[in-house]
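The values are calculated or read from the model by the stated rules, or taken from the named source; none is laboratory data. Keep in mind that this is a model prediction, so the values were computed, not measured. Heads up, the Cβs are rebuilt from the backbone with ideal geometry, glycines too, and the neighbour counts pull from every protein chain shown. Surface accessibility is based on the protein's heavy atoms, side chains included, excluding ligands, DNA and RNA. Shrake-Rupley method; radii C 1.70, N 1.55, O 1.52, S 1.80 Å.
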Amino acid sequence: MRRIFRTTLRALVVLAVLALAAGLWKREEIARLMAVNTLFEADRIVANFSTMNRAFLNVPVPRGDGPVSPLPQGPVADLPPEVEAWITDRSVTALIVLKDGEIRHESYHLGTGADDRRISWSVAKSYLSALLGTLVADGTIPDLDAPVTRYAPGLIGSAYDGASIRNVLQMASGVDFDEDYLDYESDINRMGREIALGGTLDGFTAGLTARARDPGSAWQYVSMDTHVIGMVIRGATGRDIPSLLSERIIAPLGLEAEPYYLTDGEGVAFVLGGLNMTTRDYARFAQMIAQDGVWQGNRILPQGWVGESTAPSAPTAPGAIGYGYQWWVPVGAGPGQFMARGIYGQYLYIDQPRGVVIATHGADRGFREDGVDDANIAMFRLIAESL
């Protein structure tokens, strides 16, 4: 009996040592998984959104060695009185309003500051759209109606087999995907946990095999469509997205601080929502878009791409919000009124006719509640009309 006890005790000690070794070996992955599972908690969300590089793998997007481009201060705007309550109700952390390229309002809230490099979430999708436009113009990717598998052969046999580049640009791939961020078991949250444990975005995407409808037949917001755009760009150029985005978009903008992308376990950028930069630098990008791709007198995007990519060309339902190439078009918007949008209150709102750009970040845990998005858009319109 004593021998059995000693043998059992030794076995337990060995198991404990193995478990400790495994824990040390996997501690980074476990820490990232814990970060994913607590990312949106009420007492952490604000700080988390400004310090994503502390918890997740990341890679810099070089800003280049040029000077910081001016973002001049104009007369301080007297914003509508409703703005103050909206900032509180929607947990806004940063708000910058530009009029004709001048800062008319800049404020930071909930303990955040101007130097914070904030997570973009899906605002990053619009950056990738801009990058793609440069590759279309130079002939690297000349045909948006080409199949995505021409440049991303790893998707052969997946649900993306048969979808065109234009289909995924317009979120009309037909792939069956659950985008509910509030459902722990949804596809988007399953993807987040897999990446936190060192999985690969390419592998996850190639593993999607269910199709809800034919490609191009109807719009459905599927964030993995944006990752497919990234796969196409990488396949066509042989380049990684951070260095290519730096060369063609970021360095020419003359940003204040070096941005960074979150990455998967293989260092592949999380292009569907992992870009991080200061709110002023987001505003610089949006102002360049508002100026039809021109910044400081230099053309960054090909002429006509802004108009094409922000037109409501996707097959959305009649009367619903419109969608272009990774840009949103609000219901009732006129020509030149569109936006980039991310979960929890990240927006770049652009009103070209009025010369207004609004960059806002938030930690709004109620962003999915009925009417919140419509109320935000109404607030942006109110601000634009007041200037």
key: Matching entry among SER309, SER313 (being touching a residue at least 12 places away in the same chain (Cβ under 8 Å), outside any loop (DSSP other than H, G, I, E, B) and either touching a helix residue (DSSP H, G or I) at 6+ places or on another chain (Cβ under 9 Å) or not charged (D, E, K, R) (or both))   = SER309
inquiry  = Pairs needed: first member in the range 81-95, free of Cβ contacts under 8 Å to residues at least 60 places away in the same chain; second member anywhere, surrounded by fewer than 19 Cβ atoms within 10 Å (Cβ to Cβ); C-beta distance under 7 Å; at least 6 residues apart or different chains.
reply    = ILE87/HIS109
inquiry  = Against the definition (of a type in the set (Asp, Glu), open to solvent by 40 Å² or more (accessible area, probe 1.4 Å) and without any contact (Cβ under 8 Å) to a residue 40 or more places away in the chain), how does ASP161 come out, yes or no?
reply    = yes
key: Members of the range 319-338 that are surrounded by 23 or more Cβ atoms within 10 Å (Cβ to Cβ) and part of a strand (DSSP E or B)   = TYR323, TRP328, PHE338
remark   = If you go through ALA290, ALA251, the only one that is modelled with pLDDT of 95 or more, of a type in the set (A, V, I, L, M) and touching a strand residue (DSSP E or B) at 6+ places or on another chain (Cβ under 9 Å) is ALA290
message = Condition (residue is on the phi > 0 side of the Ramachandran plot, touching a residue at least 60 places away in the same chain (Cβ under 8 Å), surrounded by fewer than 22 Cβ atoms within 10 Å (Cβ to Cβ) and not β-branched (Val, Ile, Thr)) applied to the range 356-374: is it met by at least one residue?
response = no
message = Exactly one condition in (1) in contact with a Ser or Thr (Cβ under 8 Å, 6 or more places away or on another chain); (2) open to solvent by less than 10 Å² (accessible area, probe 1.4 Å); (3) of a type outside the set (Lys, Arg) is false for ALA152; which is it?
response = (1)
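Looking at ASP292, ASP281, which one is touching a Leu at 6+ places or on another chain (Cβ under 9 Å) and within 21 Å of ALA257 (Cα to Cα)?
Numbers: ASP292 fails: within 21 Å of ALA257 (Cα to Cα).
Of the residues listed, the single one that is touching a Leu at 6+ places or on another chain (Cβ under 9 Å) and within 21 Å of ALA257 (Cα to Cα) is ASP281.
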ask   = How many residues are at pLDDT 95 or above and over 23 Å from ILE119 (Cβ atoms) when one looks only at the range 9-68?
value = 3
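Taking the range 345-355, which residues are touching a residue at least 24 places away in the same chain (Cβ under 8 Å) and in contact with a Gly (Cβ under 6 Å, 6 or more places away or on another chain)?
GLY345, GLN352 - these are the residues of the range 345-355 that are touching a residue at least 24 places away in the same chain (Cβ under 8 Å) and in contact with a Gly (Cβ under 6 Å, 6 or more places away or on another chain).
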task = Please verify whether the range 344-354 includes one or more residues that are crowded, with 17+ Cβ neighbours inside 10 Å, within 15 Å of VAL123 (Cα to Cα) and among the charged types (D, E, K, R).
result = no
ask   = Among the listed residues ILE195, ILE229, ILE250, ILE233, which satisfies the condition of being buried (at least 22 other Cβ atoms within 10 Å of the Cβ), touching a helix residue (DSSP H, G or I) at 6+ places or on another chain (Cβ under 6 Å) and part of a helix (DSSP H, G or I)?
value = ILE229
inquiry  = Within the range 34-146, considering only strands (runs of 3 or more DSSP E) that don't extend past its boundaries, which have at least 3 residues that are in contact with a Ser or Thr (Cβ under 6 Å, 6 or more places away or on another chain) and open to solvent by less than 30 Å² (accessible area, probe 1.4 Å)?
reply    = 92-99
request  = Under 7 Å between Cβ atoms, at least 6 apart or on separate chains: pull out the pairs that start in the range 193-210 with a residue that is under 18 Å from MET52 (Cα atoms) and end on any residue that is open to solvent by 40 Å² or more (accessible area, probe 1.4 Å) and of a type in the set (A, V, I, L, M).
outcome  = ARG193/LEU33; ALA196/LEU33; LEU197/LEU33
